[in-house]
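Student: Dropping a structure here in structure tokens format, bear with me for questions.
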Amino acid sequence: MAVKTVEILLVEDNPNDVELTLYALKKHHVAERVEVVRDGVEALDFLFCKGAYTHRQAEDLPQLILLDLKLPKMDGLEVLRQIKANNRTQTIPVIALTSSREDTDVRESYRLGVNSYIVKPIDFDSFTEAVRRLGTYWLLHNQFPVDSQD
């Protein structure tokens, strides 16, 4: 039996936000397979099959990345920079899902190629609804480029 492709890579260090995001995705049947990484270095290791992820198939890229900006080891802006600089990963939609309302973070995120910038709602219901809408739009409605190797 083939392993299902990762649909969403969730890059988040806050355990409560991880739990809420997974809850919202599961409750609304948005994604079957979500991979969670807890810092920027681990996110890049996952995407580029390094470190603990050397066993991964390089072709098994997520369809969507939900990226917190305030991460340990390497911040989300540097993760975004490296994702968008790499030919294999640059077309993956990256959504900044962060608590930062700093205008410099918003501007720099868009300059680096983020597809959307969402400030995490504080209210439980608003947070789960925001995650549901993100997942539904990016996984079900958005048209992804067809890989020329298929």
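Student: With the checklist (1) more than 27 Å from GLN143 (Cα to Cα); (2) among the polar types (S, T, N, Q); (3) in a helix (DSSP H, G or I) in hand, flag the one item SER100 doesn't pass.
Tutor: Of everything listed in (1) more than 27 Å from GLN143 (Cα to Cα); (2) among the polar types (S, T, N, Q); (3) in a helix (DSSP H, G or I), SER100 misses just condition (3).
Student: Related question: Within the range 109-129, work out how many residues are surrounded by 15 or more Cβ atoms within 10 Å (Cβ to Cβ), more than 13 Å from LEU69 (Cβ to Cβ) and touching a residue at least 40 places away in the same chain (Cβ under 8 Å).
Tutor: Matching residues across the range 109-129 total 2.
Student: Further, regarding this structure: Name the single residue, out of those in the range 32-48 being modelled with pLDDT of 95 or more and touching a Lys or Arg at 6+ places or on another chain (Cβ under 6 Å), that is farthest from VAL11 (Cα to Cα).
Tutor: The residue in question is VAL41.
Residue by residue, here is whether (1) under 25 Å from ALA85 (Cα atoms); (2) at pLDDT below 90 holds:
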{"position": "ARG107", "(1), (2)": "yes, no"}
{"position": "GLU129", "(1), (2)": "no, yes"}
{"position": "TRP138", "(1), (2)": "yes, yes"}
{"position": "VAL146", "(1), (2)": "yes, yes"}
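Student: Of the residues THR128, THR136, which single one is in contact with a Lys or Arg (Cβ under 9 Å, 6 or more places away or on another chain), in a helix (DSSP H, G or I) and hydroxyl-bearing (Ser, Thr, Tyr)?
Tutor: On the way: THR136 fails: in contact with a Lys or Arg (Cβ under 9 Å, 6 or more places away or on another chain).
It is THR128.
Student: The conditions are (1) touching a residue at least 24 places away in the same chain (Cβ under 8 Å); (2) surrounded by 16 or more Cβ atoms within 10 Å (Cβ to Cβ); (3) farther than 19 Å from LYS26 by Cβ; (4) not basic (Lys, Arg), and VAL106 fails exactly one of them. Which is it?
Tutor: (1)
The values are calculated or read from the model by the stated rules, or taken from the named source; none is laboratory data. It should be emphasised that the depicted structure is a prediction, and the values quoted were computed from it without experimental measurement. No Cβ is skipped: glycine too gets one built from the backbone with ideal geometry, and neighbour counts run over all protein chains shown.
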